[in-house]
1. Once the Cα gyration tensor of the protein assembly as shown is diagonalised, what are the square roots of 5 times its eigenvalues, in whole Å and ordered largest first, as equivalent ellipsoid semi-axes?
2. Give the relative contact order (percent, whole number) for the stretch B:12-130; include only Cα pairs under 8 Å separated by 6+ residues.
3. Consider a paramagnetic label point 7 Å from the Cα of A:LYS177 along Cα→Cβ; state which residues of the stretch A:18-40 have an amide N under 14 Å from it.
4. Counting only heavy atoms of the protein chains, get the accessible area per residue of the stretch B:167-225 (1.4 Å probe) and round it to a whole Å² value.
5. Output the direction-averaged projected area (hull surface divided by four) of the convex hull of the alpha-carbon atoms of the stretch B:122-172, in nm².
6. What residues of the stretch B:97-119 lie in the reach of a label at B:ASN70, counting those whose backbone N is under 11 Å from a point 7 Å from the Cα along Cα→Cβ?
7. Set the bar at 22 Å for Cα to Cα. Now go through B:LYS52/B:LYS108; B:LYS169/B:LYS195; A:LYS106/A:LYS161 and name every pair that lies beyond it.
8. Suppose each label sits 7 Å from its Cα in the direction of the beta carbon; what would the A:SER112-B:LYS8 distance come out to in nanometres?
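The values are calculated or read from the model by the stated rules, or taken from the named source; none is laboratory data. Everything numeric here is computed off the predicted structure, so don't read it as measured data. Virtual Cβ from ideal backbone geometry, glycine too; neighbours counted across all protein chains shown. SASA here: full protein model, heavy atoms, side chains in, ligands and nucleic acids out. Shrake-Rupley method; radii C 1.70, N 1.55, O 1.52, S 1.80 Å.
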Number of protein chains: 2
Amino acid sequence: MAGYDASKFERPSVTVDVILFTVKDDDLKVLLVKRNVDPFKDMWAIPGGFVKIDESLEDAAKRELLEETNVRDVYLEQLYTFGDPKRDPRTRVITAAYFALVNAEKFKLKASTDVKDVNWFSMFDLPELAFDHKKIVEYALKRLRWKMEYTTVAFSLLPEKFTLTQLQKIYEIILDKSLDKRNFRKKIKALELVKEVQEFQEEVAHRPARLYTKNKKIGEIVEIF
Amino acid sequence: MAGYDASKFERPSVTVDVILFTVKDDDLKVLLVKRNVDPFKDMWAIPGGFVKIDESLEDAAKRELLEETNVRDVYLEQLYTFGDPKRDPRTRVITAAYFALVNAEKFKLKASTDVKDVNWFSMFDLPELAFDHKKIVEYALKRLRWKMEYTTVAFSLLPEKFTLTQLQKIYEIILDKSLDKRNFRKKIKALELVKEVQEFQEEVAHRPARLYTKNKKIGEIVEIF
């Protein structure tokens, strides 16, 4: 770092934004908030806000998420810092984006502070977004797909016990393509990603399906595709 | 993003830092500058400095690198943004770190602006570093090793034509372990990472070694180990 007197430099504002993905109703969804203030009042945006002068970036991300959407206790990962000089019409704002995969069932959404609504939206049918949030969300989707192919991150979207059909469905939804059932199962088993549980899923219409549980830590690196 | 009036928030300073790695004299090296100003005057640090209010983070990183070290035309990748509130003794400074792998032969280093010296240092024998730069450099090394194992980034450290021994050496130096020659060659060939050229390396002491060139784009994802 250069050693000039820091006070001589005009300072930018710094924000955090949080991209939360979930799979719900057989669709990949992202959490958005409806803005209650200018700029972009009444438009949908990624939850986030200004970093306080004495809090870390990650603490700021967690605080904004909780304040605006009532979502808490999420494991966040830093995604990328977006610093285009013109990305905010007010002033120079640099934003550190975080992202996470969650099980939507765990949360009771509630809009508060400076947002008037909060909801899950299909990644494949997004409303117009404030600022450069479309670009940020698309970057997050790229990272998510990459992580799906090279790590065990998919498990974070499943209950503790799941069928192989459920696991395959998660992949198909996020990668937005259908996968061959036999090849998929062969790969999952060859990589020892899951282990059998001595239980079956009760379903009226089908014969009971074997339940599995994860055999690797979430996020571990394995080349799935 | 929250929609409060941005001017109501106390703003942090924002810097960029650049971690440049090279392999030189059979060692993994990182580029450091000797500070000419307080704080940490006379200590070694990663090159970097304050982002101007109207320049992008990446432009700032390139400018600081050029100003302080005379290194130019480097492909930079964003590494991570470090925002611990106490990481700079002066004031709140958030830094976006960038990193790159370069061929050291291409550059003529020259210290200028606010640094009094610039040099390559062994990653395995670093001097004490200013700020939290040790943590940043260690994080960069982790990322570098990860990229070596999962991408073709190693090619950026080699001349256009190289022997398989040179390629293996790059891996051994960065991963800091020796690799089995037969297994290494089998993997490289199975993954079709390289292709033969109709030339041999001239070396007096050994029989001539076949030269290869890369068969994949730099940074392409392949699971090497």
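1. Numbers: eigenvalues 303, 249, 54 Å².
One finds semi-axes of 39, 35, 16 Å for the protein assembly as shown.
2. On the way: 249 pairs, mean separation 46.0, N = 119.
Averaging sequence separation for qualifying contacts and normalising by length gives 39 percent for the stretch B:12-130.
3. Residues passing the 14 Å test: none.
4. Values: 4080 Å² over 59 residues.
Ligands and nucleic acids excluded, the result is 69 Å² per residue.
5. On the way: hull surface 17.1 nm².
Hull-based average projected area comes out at 4.3 nm².
6. Hits in the stretch B:97-119 for B:ASN70 at 11 Å: B:107-112, B:118.
7. Details: B:LYS52/B:LYS108 26 Å; B:LYS169/B:LYS195 18 Å; A:LYS106/A:LYS161 16 Å.
Distance filter (> 22 Å) returns B:LYS52/B:LYS108.
8. About 1.7 nm, to one decimal.
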